[in-house]
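A short worksheet on the structure shown next.
The values are calculated or read from the model by the stated rules, or taken from the named source; none is laboratory data. All figures in this text were calculated on a predicted structure; none of them were measured in a lab. As a convention, Cβ positions derive from the backbone with ideal geometry for all residues, glycine included, and neighbour counts pool all protein chains shown.
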Amino acid sequence: MSPKFFLALMVLLIVAGFVIFEQRDAHAGEVTPSADYKVLDAIRNGNLTIFPVVTGKSYPTSEFLTLDEGLRSGEVVVAEAGSVQGLIRRHPTPGIRSAGGEVNRLVLVNNSKRPLLLLAGEIVTGGKQDRVIGKDRIVPAESDPVDLSVFCIEPGRWVATSERFGASQAMYGGAGNDPKAPAPMAIMAQPSVRAKAMGDKNQQEVWNAVNKQKDQVMALAGPVQLAQSEVGRTTSYARVMENSEVRKQVDAVAKPIEQNYQSLIHQLRQRNAVGVVVAVNGRVIWADIFASTDLLAKYWPKLVRSYASEAVVTRAKDVEVSLHRAQQFLADMEGRRETIENEPGVYRHTEVNGDGFKAFALTSLLPKTGFDVHVAKMAE
């Protein structure tokens, strides 16, 4: 290899941000050791079943900034790729440039002094189309503009409603002048939509899932509500979920479980409640596991609503699922093929494809970390 070629290769790696992809067979590979996780008795409401998960290990996560916290404080800015020139840069290195917005690209700047945690399935609204984040990742503190891999969840619109992206005002409150109203939060897409973004990584599949969801929600809203709302006209997944009748039905499922689990988190703090296994209509479909109870508590309000949204639109005869089945789902993390994306010194993202499931682990490589921040598993 000539010196010039080697130098050019090194420059290319630097510009690319040291993101390295690796794919290999992983018959003996696992996303994360699962023996430390214990599933507890279920919390049930209708056709939604939530199994709390505790562990013998917990890690310090207070350093991580969530997307909700960053958007609320203004320290995190998300914009169309074509608007990057207006974003703050803290370093003289060239940023990402584009002549205009692109469906599957957004640019994010983390101006906070804390590393930012992004979860696949989080939705940002605004710009030329609402988008859903496609994979978990960590953005370093005081970052240069970062090119985000996203999927459009608003087919049919390509007109800017705002220069930058934010969180939903209506879904979680925050509208008006009521100081007691909950702050707006970035919506978490329901599991069937998250699965298409995380697992299939296909824009058309994401649109198909969104359109299916919209059809099911329209049936929930009913003809009178539909005529009086924008559900029948909008292409926005977020606005569909903000319809008053839809929110009412989602609340009916989510609130009892949210309250019970919030109480349980406090009761089980010493046992390190860190996640959940989720079943709908008697079928285990999902698991979300975090590095600490505190991190779980931050994401819980929007996670439980995403699970409830899935249960509401797929309502069927209530069927119980056993604790043994939930524990079995969480324990089986061994797969046939493993794909790793590595940004040295920042994070490692691991995807494992197994028999009837896909699992994902986001591992922090920041100083004094080296642990899995979030693990997600979906049934196929």
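Taking the range 83-125 as the search range and keeping residues that are over 30 Å from Pro301 (Cβ atoms) and among the charged types (D, E, K, R), which one is modelled with the highest pLDDT?
Glu102
Scan the range 287-298 and give yes if some residue there is farther than 16 Å from Val54 by Cα and over 15 Å from the mean Cα position of the chain (by Cα), otherwise no.
Checked against the condition, which is being farther than 16 Å from Val54 by Cα and over 15 Å from the mean Cα position of the chain (by Cα), the range 287-298 yields no hits at all.
Could you identify the single residue in Glu80, Glu22, Glu69 that is within 22 Å of Val150 (Cα to Cα) and modelled with pLDDT of 90 or more?
Only one candidate passes the filter, namely Glu69.
Please count how many residues of the range 315-338 are of a type outside the set (D, E, K, R) and within 16 Å of Arg44 (Cα to Cα).
7
Hey, Asn281 hits all of (1) polar (S, T, N, Q); (2) modelled with pLDDT of 70 or more; (3) out of contact with any Ser or Thr (no Cβ under 9 Å at 6 or more places or on another chain) but one; which does it fall short on?
Exception for Asn281: condition (3).
Given the conditions (1) modelled with pLDDT of 75 or more; (2) surrounded by 18 or more Cβ atoms within 10 Å (Cβ to Cβ), and given that Glu154 satisfies all but one, which numbered condition is not satisfied?
(1)
Pick out the one residue from Lys317, Lys302 that is closer than 22 Å to Ile265 by Cα and modelled with pLDDT under 95.
The unique qualifying residue is Lys302.
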